[in-house]
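Report on one structure; see the data block that follows.
The values are calculated or read from the model by the stated rules, or taken from the named source; none is laboratory data. The structure presented is a predicted model; accordingly, all values stated were derived computationally and were not measured. Here the Cβ positions follow ideal geometry from the backbone for every residue, glycine too, while neighbour counts run over all protein chains shown.
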């Protein structure tokens with residue numbers, strides 16, 4: 001039997017109950033993590049904006065059981081090969097992240113703005129030669145050490161753990177049990193939840209890549225935009241270093257023309273989706 005068990009304890013509970021807000025946030029992101037796992041299993045890989053289709057639901061749902069006392073305990077059950085595979089995949093991603101977080105503790109957050117400035121200078125000085133996107137797909141950046149699904153799954157679990165990190169919830173804990181073909185049990189207090197967050201949100205900029213894209217929107221206030229990468233036919237977020245760099249892109253947006261540019265991919269928790277991942281703009285090229 002495939003089993004999921006969430007167990008909240010401590011100040012986050014009241015008379016063996018949790019608030020609607022706590023439960024809604026927990027179940028939403030728990031389901032999202034399972035959806036990310038299902039999509040990777042179904043397609044063989046996961047990309048940023050992959051969506052669940054209605055026909056996928058029958059194979060991948062879990063049934064909610066009655067809550068139990070002892071803090072607040074809620075089980076979800078289902079028995080089929082896919083649900084076991086989903087739980088195995090989520091548990092694998094979570095287990096690796098938990099082990100890393102215990103080894104690393106609270107790691108120092110890299111300032112992306114400083115890294116971005118360095119990449120711009122390196123490209124300008126020909127220290128770094130941009131690569132074609134097809135080359136990056138075949139031979140990922142050396143900083144890419146994990147599958148994109150690992151980042152996507154753990155990020156959803158991290159959203160649940162924000163409840164444990166929140167000081168408004170006092171001294172609270174969460175235990176998550178996942179049983180597919182094997183059983184895993186993960187327990188988090190505030191310290192462990194903070195270490196987990198520090199590990200899976202670590203950001204780095206990869207080596208520059210050559211892109212061709214159509215700009216679908218630009219936001220001057222936040223200095224970012226959305227583009228369709230013509231090489232992959234996927235939508236990505238594009239971030240600009242300052243107003244001068246933002247202005248380089250404006251003519252292509254106004255004239256609805258494709259733009260050839262150099263950008264550095266945002267690598268988060270050692271993962272990057274080369275098809276639709278976030279990009280930091282370095283400059284227009286020919």
Quiz item: Which of the residues belonging to region 157-171 are assigned to a helix (DSSP H, G or I) and free of Cβ contacts under 8 Å to residues at least 24 places away in the same chain?
Solution: 167, 168
Quiz item: residue 15 is checked against (1) surrounded by 13 or more Cβ atoms within 10 Å (Cβ to Cβ); (2) in a loop (DSSP other than H, G, I, E, B) and fails just one. What number does that condition carry?
Solution: (1)
Practice problem: Give region 215-233 a look and list any residue that's in contact with a helix residue (DSSP H, G or I) (Cβ under 8 Å, 6 or more places away or on another chain) and surrounded by 15 or more Cβ atoms within 10 Å (Cβ to Cβ), or say none. | Solution: 215, 218, 223, 225, 229, 231, 232
Quiz item: Looking at 90, 127, which is the one that is under 18 Å from residue 175 (Cβ atoms) and either loosely packed, with under 12 Cβ neighbours inside 10 Å or in contact with a strand residue (DSSP E or B) (Cβ under 8 Å, 6 or more places away or on another chain) (or both)?
Solution: 90
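Residue by residue, here is whether (1) more than 20 Å from the chain's Cα centre (by Cα); (2) modelled with pLDDT of 95 or more holds:
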{"position": "110", "(1), (2)": "no, no"}
{"position": "116", "(1), (2)": "yes, no"}
{"position": "144", "(1), (2)": "no, no"}
{"position": "149", "(1), (2)": "no, yes"}
{"position": "152", "(1), (2)": "no, yes"}
{"position": "155", "(1), (2)": "no, yes"}
{"position": "186", "(1), (2)": "no, yes"}
Exercise. Output yes when any residue across region 241-249 is touching a strand residue (DSSP E or B) at 6+ places or on another chain (Cβ under 7 Å) and surrounded by fewer than 17 Cβ atoms within 10 Å (Cβ to Cβ), and no when none is.
Key: yes
Quiz item: What pairs can you find where one residue is in region 11-36 and closer than 18 Å to residue 59 by Cβ, the other is modelled with pLDDT of 95 or more and not in a helix (DSSP H, G or I), and their Cβ atoms are less than 6 Å apart, with a gap of 6+ or different chains?
Solution: 35/52
Exercise. Could you grab me the full set of residues in region 134-184 that are touching a strand residue (DSSP E or B) at 6+ places or on another chain (Cβ under 7 Å), buried (at least 17 other Cβ atoms within 10 Å of the Cβ) and farther than 26 Å from residue 43 by Cβ?
Key: 161, 164, 172, 173, 174, 177
Practice problem: Only residues in region 174-186 that are on the phi > 0 side of the Ramachandran plot count as the first member; pair them with residues that are outside any strand (DSSP E or B) and modelled with pLDDT of 95 or more, Cβ under 6 angstrom, at least 6 apart or cross-chain, and list the lot. | Solution: none
Exercise. Being surrounded by 12 or more Cβ atoms within 10 Å (Cβ to Cβ) and not in a loop (DSSP other than H, G, I, E, B) is the filter here, so list the residues in region 37-61 that pass it.
Key: 37, 38, 39, 40, 41, 42, 56, 59, 60
